[in-house]
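What follows is one structure encoded as structure tokens, with my remarks underneath.
The values are calculated or read from the model by the stated rules, or taken from the named source; none is laboratory data. A quick note: this is a predicted structure, and the numbers were derived from the prediction, not measured. Side chains included, ligands, DNA and RNA excluded: accessible areas come from the protein's heavy atoms. Shrake-Rupley method; radii C 1.70, N 1.55, O 1.52, S 1.80 Å.
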Amino acid sequence: QVQLVESGGGLVQAGGSLRLSCVISGRTFSNYAMGWFRQAPGKEREFVATISSSGSITRYGDAVKGRFTISRNNAKNTVYLQMNSLKPEDTAVYFCAGSTYDWAGFSIGNYEYWGQGTQVTVSS
């Protein structure tokens, strides 16, 4: 059984930083493309960032490009999301997602496994 567990969310002031972590268990992590998505109240789930299984390819949503960085440590079965220059509009529940593809892109439907989410709140 595949499990994804996020951590690192919290309350931060605008302009601050947070680093989210997601540990995956149950399968060979290095075979999975990984992604981060977010969902604010009343809004649809939104693509944030994705990384290929090898870590060589990354892509970002337009709203976070230049501020967020996705990375992975396959030895630790962990994917990270470093979030800098946070804005109030970044407030959302952030979800980690895993795909059995080497590259999954920005489509929610390409990800088979999801974590429970971690709340990020950015105050103005």
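Remarks
- Highest-fluctuation residue, 27, 59, 38 considered, GNM on the chain with Cα pairs under 10 Å: 27
- Of all accessible heavy-atom area on the chain, the percent that carbon and sulfur account for (1.4 Å): 46
- On full extension, the segment bounded by residue 121 and residue 74 gains 14.1 nm, given 0.36 nm per residue less the C-alpha separation.
- Considering only 33, 14, 75, the mean-square fluctuation computed in a Gaussian network model of the chain, springs between alpha carbons under 10 angstrom, is largest for 75.
- A 1.4 Å probe run over the chain, with the rest of the protein chains in place, finds 51 Å² accessible per residue.
- Take every Cα pair under 8 Å whose residues are at least 6 apart in sequence, average their separation, divide by the length of the range 12-124, and the relative contact order is 35 percent.
- A 1.4 Å probe, protein heavy atoms only, puts the accessible area of residue 124 near 130 Å².
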